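Participant: Quick one: structure below, then a few questions.
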Amino acid sequence: MAAPSIFSSSTAPGFRIWKPIAMVSLGFLLLSACGPSSNTTSTTPADAGIHKIKHVVVIMQENRSFDSYFGTYPGADGIPMQNGVPTVCVNDPKTGQCQKPYHDPNDLNGGGPHGAVNAQADIDGGKLDGFIAQAEKGRRGCTNSNNPICTQLTNQDVMGWHDAREIPNYWTYAQQFVLQDHMFEPDASWSLPAHLFMVSGWSAKCTSTSPSSCQNDVALTNGLNTSKDIYAWTDLTYLMHKDNVSWGYYLSNGTQPDCADDQMICASAAQNAKVPGIWNPLPNFTDVQQDGQLGNIQPVDSLFTALKSNSLPAVSWVVPNGKVSEHPPALVSAGQSYVTSVINAIMQSPEWDSTAIFLTWDDWGGFYDHVVPPNVDQNGYGLRVPGLVISPYAKTGYIDHQTLSFDAYLKFIEDDFLGGARLDPQTDGRPDPRPTVRENVSILGNLANDFNFTQSPRPPVILSTTPTPGPASIPGS
């Protein structure tokens with residue numbers, strides 16, 4: 001059956017209202033433009049139904065800020081507006097003008113430099129006024145167009161935002177399930193540190209295979225991320241292996257974006273499951289090697305096979321290649337199509353009724369965001385990125401305002417499968433000198449709040465991988 005249209009228009013001329021339509025067994029369910037939202041208070045205890053989730057799938061895309069994708073989503077903490085006009089702007093050093101955010105219809109974006117130095121300059125002590133200046137300073141003509149110090153277009157576009165006209169499926173997932181509008185990159189830096197935090201809650205350099213040799217480092221400006229690199233601190237797979245919790249790390253063959261050294265120009269590197277890389281750091285973790293778990297790192301085709309054979313691991317990470325990553329200059333549409341194909345496959349599998357999908361983007365990619373990141377420890381948080389929760393037990397049309405980061409994924413997995421154990425040097429049996437047990441910081445929200453475990457499992461929402469553009473958003477609605 002073809003996917004139904006996911007938009008409808010109001011009868012009033014000149015206005016179009018966001019009304020996604022979900023497939024249900026007895027027809028179509030019309031949803032309002034703005035669903036309920038949460039505050040930072042806990043509404044669902046982690047031990048109340050969480051074990052209905054037998055499979056967690058983290059889909060990690062690339063280089064988009066929250067405002068660049070959901071800055072005009074109804075009810076979200078988006079771009080400040082008055083009468084549909086942004087009330088915020090960022091100075092353009094070239095023109096002396098203060099540029100407001102604007103709708104960008106382009107499928108190909110440039111973004112801006114997004115290393116640790118650039119994050120600091122963009123945030124600028126809370127002024128959030130460095131985005132354009134950093135983009136204009138970005139290096140052009142790079143051998144690798146994905147280098148984090150580079151700008152991809154002649155004219156910077158970091159103030160641009162998209163809506164359902166460019167990303168209709170992402171907006172439909174937000175409407176049908178849960179949108180998180182305070183999901184922050186766990187560190188103020190680029191892809192490699194973000195992916196290290198995703199699997200381990202830390203980013204460091206190590207001089208030996210001893211965890212005690214590791215030193216805090218979120219810039220990683222000199223790390224080559226080759227077979228010579230050593231990640232000796234403890235990652236989540238260590239705890240899962242001890243407790244016989246299955247896991248898989250699935251990535252698409254192709255190329256990886258970003259140079260391993262964000263201070264130099266480099267050619268695009270190859271990416272495959274057997275080669276350590278910026279998006280594939282687990283092969284360099286000594287505990288993965290010592291536990292004999294390297295075989296759990298597989299091509300993404302193995303994920304689709306697992307879904308068809310009812311053998312999906314308890315925990316899965318799904319990582320793209322450069323072409324479908326949404327990392328500039330990758331096309332937005334190519335990334336959305338790829339993500340939709342992964343989510344459709346999960347929804348159409350026997351595992352859907354017991355799965356939680358967490359979809360996010362690894363860093364802000366130089367794009368504007370108006371929310372000042374909170375300070376958690378010496379490492380972050382970084383700027384906001386989009387976050388979505390898709391599950392048969394997810395609330396409907398729910399906007400989660402809790403403060404979150406990738407640490408919340410670790411926390412949810414630990415609460416669901418590991419009895420609340422943490423990556424804690426005092427208790428995990430493999431001490432390392434990480435500065436903070438990130439899952440336990442008081443500001444971090446609880447992803448269990450995004451679920452209603454008392455409801456019957458919801459049916460799939462199968463979307464086209466080549467969707468029709470949706471309606472324009474109404475800024476400030």
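Since every read-out is calculated from the coordinates, none of them should be taken as a lab result. Because the structure is a prediction, the values reported are computed rather than measured. For neighbour counting, all protein chains shown are included, and Cβ atoms are generated from backbone atoms with ideal geometry for every residue, glycine included.
Participant: Taking the Cα atoms of the stretch 153-224, report the difference between the largest and smallest coordinate on each principal axis, in whole Å and largest first.
Facilitator: Principal-axis extents of the Cα atoms in the stretch 153-224, largest first: 50, 37, 18 Å.
Participant: Same structure, new question: Report the net charge of residues surrounding Phe417, where surrounding means a beta-carbon distance below 11 angstrom and charges are Lys +1, Arg +1, Asp -1, Glu -1.
Facilitator: Combined, the nearby Lys, Arg, Asp and Glu give -3.
Participant: What does the C-alpha gyration tensor say about the overall shape of the stretch 301-418? Classify as rounded when a/c is under 1.5, otherwise prolate if a/b is larger than b/c, or oblate.
Facilitator: Judged from the Cα gyration tensor, the stretch 301-418 comes out oblate (a/c at least 1.5, b/c at or above a/b).
Participant: Give the shape of the stretch 277-330 as rounded, prolate or oblate, defined through the alpha-carbon gyration tensor: a ≥ b ≥ c are the square roots of its eigenvalues, a/c under 1.5 means rounded, and otherwise the shape is prolate if a/b is larger than b/c and oblate if not. Don't skip to the answer; put the middle values down first.
Facilitator: Working: a/c = 2.99, a/b = 1.16, b/c = 2.59.
In terms of gyration-tensor shape, oblate.
Participant: Grab the beta carbon distance between Ser208 and Asn440, set R0 = 45 Å, and tell me the FRET efficiency rounded to 0.05.
Facilitator: Details: r = 28 Å, r/R0 = 0.61.
Efficiency computed from Cβ-Cβ geometry: 0.95.
Participant: Okay, next question. Taking amide H atoms as placed 1.01 Å from N in the peptide plane, list the residues 5 or more away in sequence, or in a different chain, whose amide H sits under 5 Å from that of Phe451.
Facilitator: Lys395
Participant: Cα extents of the stretch 335-477 along the three principal axes, largest first, in whole Å?
Facilitator: So the three principal-axis extents are 50, 39, 27 Å.
Participant: While we're here: Averaging over all projection directions, find the projected area of the Cα convex hull of the stretch 418-477 and quote it in nm² with one decimal place.
Facilitator: Mean orientational projected area (the stretch 418-477, Cα hull): 9.6 nm².
Participant: Once each part is reduced to its C-alpha centroid, what is the distance from the stretch 351-371 to the stretch 400-477 in angstrom?
Facilitator: With the stretch 351-371 and the stretch 400-477 each reduced to a Cα centre, they are spaced 9 Å.
Participant: Looking at the P(r) of the stretch 335-395, how many percent of alpha-carbon pairs lie beyond 15 Å?
Facilitator: In whole percent, the long-distance tail amounts to 63.
Participant: Oh, and also: Could you list, in their original order, any pairs among Lys52/Lys323; Lys137/Lys228; Lys100/Lys137; Lys54/Lys228; Lys274/Lys323 whose Cα atoms are separated by more than 25 Å?
Facilitator: In this structure, Lys52/Lys323; Lys137/Lys228; Lys54/Lys228 lie more than 25 Å apart at Cα.
Participant: Roughly speaking, what % of Cα-Cα pairs in the stretch 164-204 are separated by over 17 Å, rounded to a whole number?
Facilitator: For the stretch 164-204, the fraction of Cα-Cα distances above 17 Å is 51 percent.
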